[in-house]
Amino acid sequence: MIVDQLILPLLMVLVTLSVGAYIVAVLDRLMAGAFGAPRGGNVWLAPLTRGAWLLTQHANATEAPDWRAWRLAPALYLALAAIGLAVMPWSASLVATDLVTSVVLWGSVEALATVVIFLHGWSANALLTLIGGYRYVALGLSYILISMFVLIGVALPAESLQFTQVVASQEGLWNVLRQPLGLPLFLIVGLGMTFWGPLDLADSTDLAGGTASEVSGPPRLVWDIARAAMLVAFSGVATTAFLGGWLGPWLPGPLWVIVKMLAVLSVLLLLGRWLPRLAPERCVTLMWVVLLPLSFLALVWAGAVALWE
Amino acid sequence: MAVNWLRKFASRSAATVFPVLGRQGEAALHRLALTPGIELVDSPRHASVLLVAGEIPADRFEPLRRVHDQLPHPFAVLWFRSEPWPHLEDVTRIDALDALPEALIAAHRELLLGRRDSASRILPDEPPNPWEGLGDFGQGGEGMMGGVPYGRPMAMNMMDDVRDGLTLDSLSFRLGPFYPGLPPGMAAEITLQGDLVQMWSTQLAPYPRALDPVFFAARERPVPIAELELARAHHHLRRLFSALRLAGLEGASLSALRLARELSPGSRLDGLRRRLVRSGFFRLSSLAGGALEAEQARQLGGPAARAAGLDDDLRSQDDGYRRLGFAPVTQSAGDTRARWQQLLAEIEQSLQLARRAERDKACTERMDSIETPRGPWLEQLPQDGSSLLDELMPGLEWGDALATVASLDVAAAERSLGEAPA
Amino acid sequence: MTLATLLLLAAALIGIGLYGALSQQSFVMLMMGLELMLNGVMLAAVAFWAYSGAGAPAGQLLTIIVMAVMAIEMTMGFALVVAVFRGKQADTTESLSGLKH
Amino acid sequence: MTESMNHGIGVDIAFVLLAALAVISGWRVFRTDSMVRASFFLLVSFIAVGAIMILLAAEYLGVAMFFMMAVEMTVMALFMVMFMMNPAGLNPMNMVHQERIAIGAGIAGFVVLGAMALFAAFPERPLPTGLDPVRSLGLEMLGDSMLIFESAGIVLLATMIGVVVLSSHRGRYGAAAEGSMPPGLAPGGDPAGKSEEDEEAGGGHEHHHH
């Protein structure tokens, strides 16, 4: 029983986490190469050697940091990503924890991420990290709201807050077609939550790395892995909520999930390399004035479609 | 055993380099950005090799010591065209640009394999000031607020706040002279309120920027316009590189640099321009703000002035240029976005002029007035304009502020110290 | 995990919260005391729902209402604090004597 | 998830750990030197209680607790920093009054409530098997108790309006009635920050004062 309920799910999540983070690193390097970064070295080996380098580097200290929070924040962010991957179903029966309120749990992962990112910036007791942390908090609330409205939209036709039910409800028609606004909005939130590419305002170059600008060595490795894993978790949830999860002809369910996740990841990483970083002010306006009303609209649309069906 | 294996594996990673730029050290930066196996990082915490490129003036020794000590163990220090400090052990000095990338990669590798000892700290590991407790519990002031723990005022505003009733954190700090987001060598005292610059006072002016020797030659004899215009485009493209990197467009920034490296009269800017427009650089990025008043624009001169609508360009007084059909391009807004549009337009114009000049074998005719990429050169070279930032920065958001600094060429111009760029 | 242990835990949380609410001088810390008390209340409500309410949905409902009350308490509290702070530059209970008379 | 009710030893261990976490972090809230730390300790206490709720099969409530409290505590931490009461813990923080009375009241509260918990007889009516707590909660909320929730919604709306009125009467940039303009960075200076027209028109020199 312990093996079934504890060890196997844990193993599953750990494998997804590490393989996923590795794939993100490789894909991102491939994209960077396509966008003109100097090619050299082995793309498949580079993330691993970089990880090894960070493991051999010392974790530095700043003046009077909040040690506990500073060291815990990357680990907690990784744990949040792991929770996201744990509630994501690979097939009707293959899911690490099939909580009946998994959609809400994912919402709380997003909310807790705000706390963790702020802590990471705040606890280093340094200037640029602090600004990065504040920036994220200022934006984080809008990300959470948009994502929750969109996810309530997919819970409506499923009449359940459970991701397995959400997938089951897409048997006839995937939510990406049933609720056309949902997926784009959710992906934008994903870029924001992992502060990737155009929405990288917390760890940005104009802050010399933002919340991560003062960390080195193993904690930095954990932070990088956590960001990549969160992106994987996002693509997993997007696959589940909008792209019909394990549904699809010919291939077995889990394979379909992998294919769809890879597709979502590629789109996200492509956007990340293609677009410049948004101005924070513009980003706030975009979130509250454009995307939040759109997410209302998506919800109303979802409700109307659910009634009509 | 396992550790050895890990280190061996780690030694194959890219060399992470934090560049500390001295006078005219940028050439190293531009070379390294395009070298595979080298990653330039923005924070000393992320680096394994500290590269001191170019001569560091004595008034920047103290900050250099502090940056030096911020690199996490193990780390190496390389001095490029710069005199290493005598009290350091184990220093490496490189003077040839071509040997630099390999030296950096080798230093990184040897460090990880244990063949090279990590550089040791220079400063003692202690707070810069003692704890100055006053209150009952050792705190600085009344209640739990105020005071100067470790000689540093707490991030709070004891003055009357004109902005709002809340004592929202005014954060005063000093940035530079080695912060990668500022022009090399520049340092400023900044007060931020939230994300907004409340006060900016430039403490150290940026190093003078090297001008291509052809501009100096043009003061002495007629030179081919094609050569002059290519040098101009080269100068502008390299500024575009740092700005695009700051904006998070790494790929585009590198293609600007590549274009600069392989510049010829046949080069086209269309690809880069299309790429920038399609990525939404002009619409999404932090480009609002930093508008120059007419007086400020005149004072600064050059492309920044033309972006603000002034059509001052010494080239229009030169008959050689006039025969090529030269007329200055201008923008009207004068803000950061206009400056980048102006710069792209000027690069395009320079390339066009270079093509025509090469065909006609045109040469300059006036020697007493030269339009350098930095601005007009009549009696003296363009002078430092960094004090302008003190007026321009307050009221801008942090991202806009840095983008504005990147778009303004405020450094003075000077003669190149070493060899001419290829 | 029995009803008694759960209620003891709730009592401990309420006790700590009471201490905080009474002892802290700053408004925000005072609000934290209140929130900790409400935390205990919510736990007790869920414990009763699970062990002596036979799963009547009203038990869960009570908890949801307490959560809403917490949100309201916080927003109202902060609005008051901001108003007071702007008016008097005060953020501690002592400095507010206006409410006494 | 209903098997957690006829709980095994694992649930008991988890409960003891979570209970200890909830109490210790709740106590640390009032014993730490920094307000940001205090609010995050409170968050940890809430999360522990939320996890206990999940152990009790109240899955929706437990998860909602994480969700609500994460946002609430972030806002709380931000407000602390805004009022600048020692956010980083650089100065020791001890701002208490009537501490003896408070300790006494706290202990008395615990003893009275604890005694009630131990000695009062509560009916033993555990969750019926086959109950779907989330579904029953949803049906209750949107069925019989719809009226309560509609009124709660209106109360929330009224609160929001009240908050806006309270805090914006004298807004961030001066009295709301006088047309709130961002003040200058120096007394009497030009408004800082840009108005939308300046940005869009791209007209550098003319400012649109209202």
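The values are calculated or read from the model by the stated rules, or taken from the named source; none is laboratory data. Keep in mind that this is a model prediction, so the values were computed, not measured. Glycine also receives a Cβ, built like all others from the backbone with ideal geometry; neighbour counts cover every protein chain displayed.
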So, in segment B:76-124, how many residues would count as being within 13 Å of chain A (Cβ to nearest Cβ) and touching a helix residue (DSSP H, G or I) at 6+ places or on another chain (Cβ under 7 Å)? 8
Would you point out which residue out of B:A305, B:A327, B:A288 is assigned to a loop (DSSP other than H, G, I, E, B), of a type in the set (G, A, S) and under 24 Å from B:G181 (Cα atoms)? B:A288
Going by what's in this entry, would B:E365 be described as in contact (Cβ under 8 Å) with a residue 40 or more places away in the chain, more than 30 Å from B:D390 (Cα to Cα) and outside any helix (DSSP H, G or I)? yes
From the list D:F119, D:F110, pick out the single residue that is loosely packed, with under 12 Cβ neighbours inside 10 Å and at pLDDT 80 or above. D:F119
Could you give every pair whose Cβ atoms fall below 8 Å, whose first residue belongs to segment B:66-79 and is touching a residue at least 40 places away in the same chain (Cβ under 8 Å), and whose second residue is among the aromatic types (F, W, Y), counting only separations of at least 6 or pairs across chains? B:V67/B:F18; B:V67/B:F178; B:L71/B:F18
Given the structure, is A:L247 in contact (Cβ under 8 Å) with a residue 12 or more places away in the chain and over 30 Å from A:A304 (Cβ atoms)? no
When the residues of segment A:35-70 are filtered to those that are more than 8 Å from every other protein chain (Cβ to nearest Cβ) and surrounded by fewer than 18 Cβ atoms within 10 Å (Cβ to Cβ), which remaining residue is nearest to B:S48 (Cα to Cα)? A:A61
Checklist (1) modelled with pLDDT under 90; (2) of a type in the set (A, V, I, L, M); (3) crowded, with 19+ Cβ neighbours inside 10 Å applied to A:L8, failing item: (3)
When you check B:R359 against the structure, is it basic (K, R), modelled with pLDDT of 85 or more, outside any loop (DSSP other than H, G, I, E, B) and closer than 20 Å to B:R273 by Cβ, yes or no? no
What is the residue count in segment A:203-221 for residues that are of a type in the set (D, E, K, R) and facing chain B (nearest Cβ under 7 Å)? 2
I'd like to check something: does segment C:33-41 contain any residue that is in contact (Cβ under 8 Å) with a residue 12 or more places away in the chain and in contact with a strand residue (DSSP E or B) (Cβ under 7 Å, 6 or more places away or on another chain)? yes
Among B:E62, B:E110, B:E89, which is loosely packed, with under 13 Cβ neighbours inside 10 Å and assigned to a helix (DSSP H, G or I)? B:E62
Just to verify a result, which residue in segment B:214-257, among those that are outside any helix (DSSP H, G or I) and among the small types (G, A, S), is surrounded by the fewest Cβ atoms within 10 Å (Cβ to Cβ)? B:G248
Test A:A61 against the criterion of being small (G, A, S) and more than 26 Å from the chain's Cα centre (by Cα), and give yes or no. yes
Since A:F234 meets every condition but one in (1) among the aromatic types (F, W, Y); (2) surrounded by 24 or more Cβ atoms within 10 Å (Cβ to Cβ); (3) over 26 Å from A:R178 (Cβ atoms), which condition does it not meet? (3)
Reported set for segment B:268-324 where residues are within 14 Å of chain A (Cβ to nearest Cβ) and aromatic (F, W, Y) is B:F281, B:F282
When you look at A:L278, is it within 19 Å of A:T114 (Cβ to Cβ) and in contact with a Pro (Cβ under 8 Å, 6 or more places away or on another chain), yes or no? yes
Apart from one, (1) in contact with a strand residue (DSSP E or B) (Cβ under 9 Å, 6 or more places away or on another chain); (2) without any contact (Cβ under 8 Å) to a residue 24 or more places away in the chain all hold for B:L6; the odd one out is (1)
Any residue at all in segment C:15-28 that is surrounded by fewer than 21 Cβ atoms within 10 Å (Cβ to Cβ), facing chain D (nearest Cβ under 7 Å), in contact (Cβ under 8 Å) with a residue 40 or more places away in the chain and not in a helix (DSSP H, G or I)? yes
Among the candidates A:S93, A:S108, single out the residue that is free of Cβ contacts under 8 Å to residues at least 24 places away in the same chain, closer than 25 Å to D:I54 by Cα and outside any helix (DSSP H, G or I). A:S93
Taking the condition within 23 Å of A:W274 (Cα to Cα), surrounded by 24 or more Cβ atoms within 10 Å (Cβ to Cβ) and within 14 Å of chain B (Cβ to nearest Cβ), does A:D224 pass? no
Please work out if A:A92 is surrounded by fewer than 16 Cβ atoms within 10 Å (Cβ to Cβ), out of contact with any Asp or Glu (no Cβ under 8 Å at 6 or more places or on another chain) and modelled with pLDDT under 90. yes
When you look at D:I47, is it facing chain A (nearest Cβ under 10 Å) and either crowded, with 24+ Cβ neighbours inside 10 Å or of a type in the set (V, I, T) (or both), yes or no? yes
Restricting attention to segment B:304-333, the residues that are buried (at least 20 other Cβ atoms within 10 Å of the Cβ), among the small types (G, A, S) and under 21 Å from B:K361 (Cα atoms) number exactly 1
